[in-house]
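S.K.: Got a structure for you, questions after.
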Amino acid sequence: MENQTLKPIDTTRYHLLERWHTPCFDNLNDLEWHDGFGVQSHGVRLGVRANDPEMFDQLRALMPTAAKPYDGTEFETIMSFVKGGKDPKTRTRHYNLVYQNHTLQGRSFRMEEALDRFQAWVSLSIGFMSSAGIFIHAGAVEWRGHAIVLPGRSLAGKSTLVSELLRAGARYLSDEYAILDQEGTVTPWYKPLSMRANPTAPQVDLDIAEFGAERAVSARPGLVVLCAYEQGAEWAPRVMDQGEAIMGMLDNCVGGRLRPAETMNALQAHTDLAPVICTQRSDAAKDAARILELLDAQIDQSG
Amino acid sequence: MSIYPAHRTEGVIVKKLKDETMIYDLDNHSATCLNAVAGSVWDLCDGAHDVDAILEQSLAQDMASVEVALGQIGQAGLLQQEFISAGPTRREVFGQLIGGARVAAIAAPSVLSMAVPAAAQAMSCIGDGVFGCASVADCCDPDSICLGGVCTSFPGGGA
């Protein structure tokens, strides 16, 4: 969230919308909470509270770039952060805990890991509940007005491939979510690029300026690349049938179960226009060049 | 006795693609893709066509293909009543098609289904020692296991 001042809200007043409220959430309310702030992003109202007011600066910094302050009292999601640490009286070590609504979604002695989980669940909650678009777990860049969407779970190599596409001149949409509207147009989910040195290493956030890249505002359907990194794998793209392609993208949809009709519409609209290829890959720089070459040919062919 | 198969009309979202039919099952959150042959069989499963009429009017080339398509559509939970076939299996039909070398493989019915993932399955992976995994697939370290909701790796071993 950039240059926004978030007003604290009265934690005794804010509550979940009835659809999302559970008796267990009332139990969580019995714990002692401080302050809290509300944001709105992609049509989702999200409240934040913690047991320690010193946490709020850190938690604010983890809000999505597009988030705007929200002063209301009703939320689709309330994120609750319990700061752990050592109790000097009993020498007991407490976990840092992350709750999304009533559900414990993260627990770690290490603060940075708990904050990672907090941020991941903020993004996921917005992606799941958003009525403003269909969130696909994917890297996405814009090239000549068209989107290159790289759906994939963690460790599929999305961020590495996105970084190489940016180096090659593509403009940035996201390394986490491609957001599709009902016409299949891709809109951005801006965040720093999250890179890992290896599968077990923590993520390091990098500014896209380090890759000489700019942000894109939106992009028409261009090319979807369903691929997985595998050391030494050969680049061997295969054009997928549309049904198979939709299933591949659906497998990476965050809110597919909540809004299946809109999800299917958006995926159909996108794949009506964008060919979908699948391949294994191993060399991000070479593969980025190949992907751009394919999209260039596609754009030139379609005039 | 004639069989008049009928596909579900409630609790499903049907999308007609260029050559395929996509069906989203709202009851169990699964998606099914029918190729052109299976899709043409699906279209005729309206309770008014018996299997002979389906064979005649669909893209299926023989009764075995119709039965395989109906069996698979039924297995995906998309028929109002399960279709029980006494005919050959899909593997046998495919073997005949390949062995005969007279019909392109595209003439075989194909029905692919998948469970639509829950939201959390599409999120970033979880590091060792952190609570939040539902299965081993949620853990970043391929050698970790999900133990009591915590990604856990064992020295010198793994799962």
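S.K.: Calculated FRET efficiency, B:Asp27 and A:Leu273, Cβ-Cβ r, R0 22 Å, to nearest 0.05?
M.R.: 0.10
S.K.: All other residues with a Cβ under 9 Å from the Cβ of A:Cys278 taken together, and with Lys, Arg as +1 and Asp, Glu as -1, what is their net charge?
M.R.: 0
S.K.: A further question follows. I want to check the label-to-label distance for A:Arg93 and B:Asp143. Put each point 7 Å from Cα in the C-beta direction and report it in nm to one decimal.
M.R.: 2.2 nm
S.K.: Show me the GluC sites (Glu not before Pro) within the stretch A:20-101 that DSSP assigns to loop and that have at most 14 other Cβ atoms within 10 Å of their Cβ.
M.R.: Details: sites: A:Glu32, A:Glu54, A:Glu74, A:Glu76; in loops: A:Glu32, A:Glu76.
Qualifying residues, ordered by number: A:Glu32.
S.K.: As an exercise, take the mean of 1/r over every pair of distinct alpha carbons in the protein assembly as shown, invert it, and state the Kirkwood radius in angstroms.
M.R.: Mean inverse Cα-Cα distance, inverted, gives 24.2 Å.
S.K.: Once label points are set 7 Å from the Cα along Cα→Cβ at both A:Glu214 and B:Lys18, what is their separation, rounded to one decimal in nm?
M.R.: Spacing of the two 7 Å Cα→Cβ label points: 3.4 nm.
S.K.: I would also like to ask the following. Could you list the residues of the stretch A:213-250 with an amide nitrogen less than 15 Å from a label point located 7 Å from the Cα of A:Leu206 in the Cα-to-C-beta direction?
M.R.: From the stretch A:213-250, the list is A:213-214.
S.K.: If you filter the stretch A:196-264 for chymotrypsin sites (Phe, Trp or Tyr not before Pro), then keep DSSP loop positions with at most 16 other Cβ within 10 Å, what is left?
M.R.: Sites meeting the loop and neighbour criteria: A:Trp235.
S.K.: Here's something else I'd like to know. Provide, in order from the shortest bin, the percent of all Cα-Cα pairs of the stretch A:257-303 in each 10 Å bin, continuing until the bin that contains the maximum pair distance.
M.R.: Per 10 Å bin, starting at 0, the Cα pair percentages come out as 21, 36, 30, 14.
S.K.: Quick one: compute the contact order of chain A, relative version, from alpha carbon pairs under 8 angstrom and 6+ residues apart, as a percent.
M.R.: Taking the mean separation of contacting Cα pairs over the length of chain A, I get 15 percent.
S.K.: Where the only charges are on Cβ atoms (+1 Lys, Arg; -1 Asp, Glu), what is the dipole of the protein assembly as shown about its Cα centre, to the nearest 20 debye?
M.R.: It works out to roughly 900 debye.
S.K.: Next question. Between A:Glu18 and A:Lys86, what is the label-to-label distance in nm when each label sits 7 Å out along the Cα-to-Cβ direction?
M.R.: If labels sit at A:Glu18 and A:Lys86, their model points lie 5.0 nm apart.
S.K.: Turning to a different aspect of this structure: Rounded to the nearest 5, what % of DSSP beta bridges with both residues in the stretch A:15-129 are antiparallel?
M.R.: For the stretch A:15-129, the DSSP antiparallel bridge percentage is about 75.
S.K.: Give me the percent relative contact order of the stretch A:134-302, please, defined on Cα pairs under 8 angstrom at least 6 residues apart. Provide the component values of the computation, followed by the final result.
M.R.: Details: 366 pairs, mean separation 48.4, N = 169.
Computed over the stretch A:134-302, the figure is 29 percent.
S.K.: For the stretch A:74-131, compute Rh as the Kirkwood radius over C-alpha pairs and then the Stokes-Einstein diffusion coefficient at 10 °C and 1.306 mPa s; write the answer in µm²/s, rounded to an integer.
M.R.: After rounding, the answer is 131 µm²/s.
S.K.: Further, regarding this structure: Collect residues whose amide H, placed 1.01 Å from N in the peptide plane, falls under 5 Å from the amide H of A:Tyr172; neighbours closer than 5 in sequence don't count.
M.R.: A:Glu142, A:Glu214, A:Arg215, A:Ala216
S.K.: Then there's this: Relative contact order for the stretch B:11-86: what is it in percent, counting Cα pairs under 8 Å that are at least 6 residues apart?
M.R.: Once divided by the residue count of the stretch B:11-86, the mean separation gives 19 percent.
S.K.: Need one number: % antiparallel among DSSP beta bridges in the protein assembly as shown, to the nearest 5.
M.R.: Antiparallel bridges: around 75 percent, rounded to the nearest 5.
Quick note: the coordinates plus some simple rules give every number you see, no bench work behind them. Note that the structure is predicted; figures quoted are calculated from it, not measured. Neighbour counts are summed over all protein chains in view; Cβ atoms, including those assigned to glycine, are modelled from backbone coordinates with ideal geometry.
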